[in-house]
1. Expressed as a whole percentage, what fraction of the accessible surface of region 51-101 belongs to carbon and sulfur atoms when a 1.4 Å probe is rolled over the protein heavy atoms?
2. How much length is gained if the chain between A60 and R90 is pulled fully straight, taking 0.36 nm per residue apart and subtracting their Cα-Cα distance, in nm to one decimal?
3. Add +1 for every Lys or Arg and -1 for every Asp or Glu among the other residues with Cβ under 13 Å from the Cβ of A113, and state the total.
4. With the crude spin-label approximation of a point 7 Å out along Cα→Cβ, what separation in nm comes out for S53 versus K37?
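The values are calculated or read from the model by the stated rules, or taken from the named source; none is laboratory data. Since this is a predicted model, take the numbers as computed values, not measurements. No Cβ is skipped: glycine too gets one built from the backbone with ideal geometry, and neighbour counts run over all protein chains shown. Accessible surface is based on the protein model in full, side chains and every heavy atom, while ligands, DNA and RNA are left aside. Shrake-Rupley method; radii C 1.70, N 1.55, O 1.52, S 1.80 Å.
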Amino acid sequence: CVLRARSLGAFVFSFFFQAEDGIRDAQESRGLGDVYKRQVRGELDALAAEPVSEWELGKARNQIEADFVRGLESASELASVVGTYEAIDRWDYVNRYIPRVRAVTAADLGRVARAYLTEEKCTTVAIQ
């Protein structure tokens with residue numbers, strides 16, 4: 001199975017699962033939602049229990065920065081981002097975002113995972 005995660009905003013993340021080749025119909029895929037839920041829960045528990053490596057953290061920072069910069073390629077995308085940041089903080093957050101991402105440490109990730117990525121605070125939706 002392929003697992004990808006991406007941020008949908010300040011506090012929302014989505015996880016995408018791609019079924020293994022050969023699993024195409026609903027009858028064969030029954031129960032895979034539970035399997036994937038356990039996989040995600042395992043990853044979140046691991047994040048809370050043990051720090052990510054510097055390599056993983058660097059890779060994540062690079063991906064977040066690249067996604068952010070690509071999201072500013074057109075004037076309309078830049079206006080949308082600036083408008084969103086003005087609504088939730090200040091418009092110039094667009095200039096402070098990347099330095100703040102670069103400042104995140106492995107310890108920060110573990111602390112946040114332990115506080116917010118708990119079973120009680122997660123909602124799981126499986127669409128088959």
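1. Numbers: 2090 of 3660 Å².
It is 57 percent, rounded to a whole number.
2. Working: separation 30, 0.36 × 30 = 10.80 nm, distance 2.49 nm.
Between A60 and R90, full extension yields 8.3 nm more.
3. Here the count lands on -1.
4. The answer from the label model is 3.2 nm.
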